[in-house]
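Engineer: Encoded as structure tokens, here's the structure I'll be asking about.
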Amino acid sequence: MLSTYTYPEYAYQASAEQRSGRPQPHAVVIVGAGPIGLTAALDLASRGLSCVVIDDNNTVSLGSRGLCYAKRPLEIFDRLGVVEPMLAKGVRWQVGKAFFRDELTYQFDLLPEQHHKLPAMINLQQYYLEQYLVEACQRTPGIDLRWKHRLVGLEQDDEGVRLDVETPDGRFTMHSAWALACDGASSDTRRLVGADFTGQFFQDRFLIADVAMKAEFPTERWFWFDPPFHGGQSVLLHKQADNCWRIDFQLGWDADPVEEKKPERVIPRIQAMLGPDARFDLEWVSVYQFACRRMERFRVGRVIFAGDSAHQVSPFGARGANTGIQDVDNLAWKLALVHQGTAPMALVDSYDAERTVAADDNLRHSTRSTDFITPKSRGSRLYRDAVLELAKTEPFARPLVNSGRLSTPTPYAASPLNTPDRSAFAGAMRPGTACADAPLLVGTRPGWLLDHLGHGFALLCFGALPAQAVAALQGAAVPIRPLVIGHDLHDHQGVLAQRYDAQPGTCYLIRPDQHVAARWRSFDAPAVHAALRRALALPAEN
Amino acid sequence: MPLHREPRLADPDGFYEVLINSQRDLSDDGAALMNAKLVLILANHIGDRAVLDEALALARPASAAAASASATSAPT
């Protein structure tokens, strides 16, 4: 029981198909109503694909788990219409402090890049995030949330998946064209399909404590390397909503999790880190262990894995939920088009190609952070300590301090869906990159680019598009919506043109997940059609 | 620009003396920490990854296996 939050309880209901014993054909069954499964349901429903979400529990995430949500996942939540309560409840922070032993090494101001609708990150307890997602799912037609449904068996063939599910009313079988496994690190689905993780880079344990402060405390992120109150390890302090602070104590793999969790051991440590005057209540303590690893392939037949069921990383850098949400952002439009028969199975396979690269990127960042935070040899400890000592006075050393890097989207630089550039472009918006937002005027009202890209393919054109060009977009494999800067929208501050290295005539083909598929210096109808087919994994037309 | 491998120090004996003297009163750990700082300070001054990569390869014992940027063989 928390003093700052009351867990909602969602009602179990026996489904008509279980009562009648006649299975209904489903398009997608999502296993797991966590942040990833719920986001997947909203994204699929927004694309007209109805789905059933099953979860073995009947409430939100218990205790302290996911914490930081970065800009790109927030943009995805915004596309799905659920970001507002998250922003309203979430905490934004600017000042970070790094301590080495008993001294402040340096402090920094997070100065996020200007001209974005959404913040660089917010801190929000996972139970709030899930509650807002559940509430959105409940009001969305096409989403069937089923609580107290536990997956106990799974079989599949080329046509679909049969899921054996246990509820308070016994067992029954569900039939679905696809199953989406969003059931976390210890995924039952992964076990049932006989897949496993490959590569196990390192493991560690963390003690997670939430404390409710009884007085004001600064809204800052504090990170300690080798502090006197927790020698040899690291500690992170973050503010969450409701004046509830999250503390991550790194324990190391050899620590005794039962002993470390005892309040008589935890409370003096927290008092030592917060100072003798801080007054607080312990809300939650748990021990979390992880390994850095991923599945070799994220699709096993008609079962697709997303989030922690597919890959796990260290908590430093907030890469767990953030990358899982980007998994389903990548998958939902592809699954919808393949299920409709518009695109071939190869489009779903591009999910694997693109998101395994992102998982590897996360694992690489996580490994680098861990090697800095927990040096594995005397030599690497000397360099780490040298960096931290130099950082006190030398600005050059500060970028080397790695207490976890902010999660940013991994560009799908080598994706088979990309059309390589034919002309020179500067800047970051290469094919495969998540579209950067920019402020615009819609008529005379201020707006944002990402709000206008829509749910389908868009052709972002800088400068007038000739009438015959619009006509040439008709009859495309799927609809392409032209969006003309200077006509539909106005780049009044020039930020959009700068971020996209745009000149008059420049066109970008944007995917339904707001990633760049292709770009040109001038409109070319056959090239646009060819790039669209490529982005749909359709064979080229002769 | 490739790594300079020709002599460039105007007063080699003088520099070597300063280098040794700079660690005269230090413990082994203190000297090792100072060396680590020195590497970081000079690396930043050089600021050229290609040159630094060349220097790393030159300094690494020839008997050691080639270092891999993606080595992730931490203990479990």
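Any read-out appearing in this document is the output of simple, stated calculations on the displayed coordinates, not a laboratory observation. Nothing here was measured: the structure is a model prediction, and the numbers come from that model. Because the Cβ atoms are built from the backbone with ideal geometry, glycine has one as well, and the counts that use them run over all protein chains shown.
Engineer: What percent does the relative contact order of chain A come to when contacts are Cα pairs within less than 8 Å and at least six residues apart? Before the final figure, lay out each step's value.
Structural biologist: Numbers: 1126 pairs, mean separation 76.6, N = 542.
In percent, rounded to a whole number, it is 14.
Engineer: Alpha carbon centre of the range A:433-475 versus the range A:245-261: separation in Å?
Structural biologist: 50
Engineer: Run the dipole for chain A about the Cα centre, Lys and Arg Cβ at +1, Asp and Glu Cβ at -1, nothing else charged, and hand back the magnitude in debye, nearest 20.
Structural biologist: Details: 57 positive and 62 negative charges, 141 e Å.
That gives chain A a dipole magnitude of about 680 debye.
Engineer: Along Cα→Cβ, 7 Å out, is where each label goes; now give me the distance between the ones at residue B:41 and residue A:524 in nm to one decimal.
Structural biologist: Roughly 5.5 nm, to one decimal.
Engineer: Mind running the shape call on the range A:335-443? Use the C-alpha gyration tensor, a ≥ b ≥ c as the square roots of the eigenvalues: rounded below 1.5 for a/c, prolate if a/b tops b/c, oblate otherwise. Before the final figure, lay out each step's value.
Structural biologist: Working: a/c = 3.07, a/b = 1.85, b/c = 1.65.
Note, shape of the range A:335-443 comes out prolate.
Engineer: Let me ask you something else. Would you order A:52, A:478 from fewest to most other beta-carbon atoms within 10 Å of each residue's own beta-carbon? Each step should come with its number before you reach the end.
Structural biologist: Working: A:52 23, A:478 17.
The order, fewest Cβ neighbours first, is A:478, A:52.
Engineer: Under the rule of -39500 (n - 2.57) per DSSP H run of 4 or more residues, summed and divided by the residues of chain A, what mean residue ellipticity at 222 nm is obtained, to the nearest 500 deg cm²/dmol? Don't skip to the answer; put the middle values down first.
Structural biologist: Numbers: 14 runs with 154 residues, N = 542.
Computed ellipticity for chain A at 222 nm equals -8500 deg cm²/dmol.
Engineer: Here's something else I'd like to know. Apply 1/(1 + (r/R0)^6) to the Cβ-Cβ distance of residue A:254 and residue A:62, taking R0 = 22 Å, and write down the FRET efficiency to the nearest 0.05.
Structural biologist: Numbers: r = 27 Å, r/R0 = 1.22.
According to the calculation, E is roughly 0.25.
Engineer: For a protection proxy built on the mean count of beta-carbon atoms within 10 angstrom, sort A:455-461, A:43-49, A:180-186, A:170-176 highest first, please. Don't skip to the answer; put the middle values down first.
Structural biologist: Values: A:455-461: 22.4, A:43-49: 20.7, A:180-186: 24.3, A:170-176: 16.7.
My ranking of the peptides, most packed first, is A:180-186, A:455-461, A:43-49, A:170-176.
Engineer: Another question, then. Within the range A:100-120, what residues put their amide N at less than 14 Å from the label point 7 Å along the Cα-to-Cβ vector of residue A:406?
Structural biologist: It comes to A:108-120, nothing else.
Engineer: If a/c stays under 1.5 just call it rounded; otherwise compare a/b with b/c (prolate if a/b is bigger, oblate if not). Do that for the range A:439-535, with a ≥ b ≥ c from the square roots of the Cα gyration tensor eigenvalues.
Structural biologist: Numbers: a/c = 1.69, a/b = 1.53, b/c = 1.10.
Here the range A:439-535 falls in the prolate category.
Engineer: Further question: Using packing as a proxy for protection, rank B:18-24, A:347-353, A:66-72, A:424-430 so that the peptide with the highest average count of other Cβ atoms within 10 Å comes first.
Structural biologist: Details: B:18-24: 10.4, A:347-353: 20.0, A:66-72: 24.4, A:424-430: 13.6.
Ranking the peptides B:18-24, A:347-353, A:66-72, A:424-430 by packing returns A:66-72, A:347-353, A:424-430, B:18-24.
Engineer: Moving to a separate point now. Using DSSP to call loops (not H, G, I, E or B), can you name the trypsin sites (Lys or Arg not before Pro) in the range A:113-162 whose Cβ has at most 14 other Cβ atoms within 10 angstrom? Don't skip to the end; give the middle numbers.
Structural biologist: Working: sites: A:117, A:139, A:146, A:148, A:150, A:162; in loops: A:117, A:139, A:148.
Of the trypsin sites (Lys or Arg not before Pro), the ones in loops of the range A:113-162 whose Cβ has at most 14 other Cβ atoms within 10 Å are A:139.
Engineer: Arrange the following residues from fewest to most other Cβ atoms within 10 Å of their Cβ: A:299, A:22. Don't skip to the end; give the middle numbers.
Structural biologist: Numbers: A:299 19, A:22 9.
Listed from fewest to most nearby Cβ atoms, that is A:22, A:299.
Engineer: Which of rounded, prolate or oblate describes chain A when judged by the alpha-carbon gyration tensor and an a/c cut-off of 1.5? Mind dumping the intermediate values first?
Structural biologist: On the way: a/c = 1.83, a/b = 1.24, b/c = 1.48.
The shape class here is oblate.
Engineer: Through the Karplus equation 6.51 cos²θ - 1.76 cosθ + 1.60, θ set to phi - 60°, convert the phi angles of the range A:28-34 into ³J(HN,Hα) values in whole Hz; use x for Gly and Pro.
Structural biologist: Taking θ as phi minus 60°, the curve returns 9, 10, 9, 9, x, 9, x Hz for the range A:28-34.
Engineer: Relative contact order of the range A:285-329, please, whole-number percent, based on alpha carbon pairs below 8 angstrom and at least 6 residues apart.
Structural biologist: Across the range A:285-329, relative contact order equals 35 percent.
Engineer: Turning to a different aspect of this structure: With +1 on each Lys and Arg Cβ and -1 on each Asp and Glu Cβ, how big is the dipole of the range A:439-535 about its Cα centre, in debye rounded to the nearest 20?
Structural biologist: Numbers: 8 positive and 6 negative charges, 41 e Å.
The dipole magnitude comes to about 200 debye.
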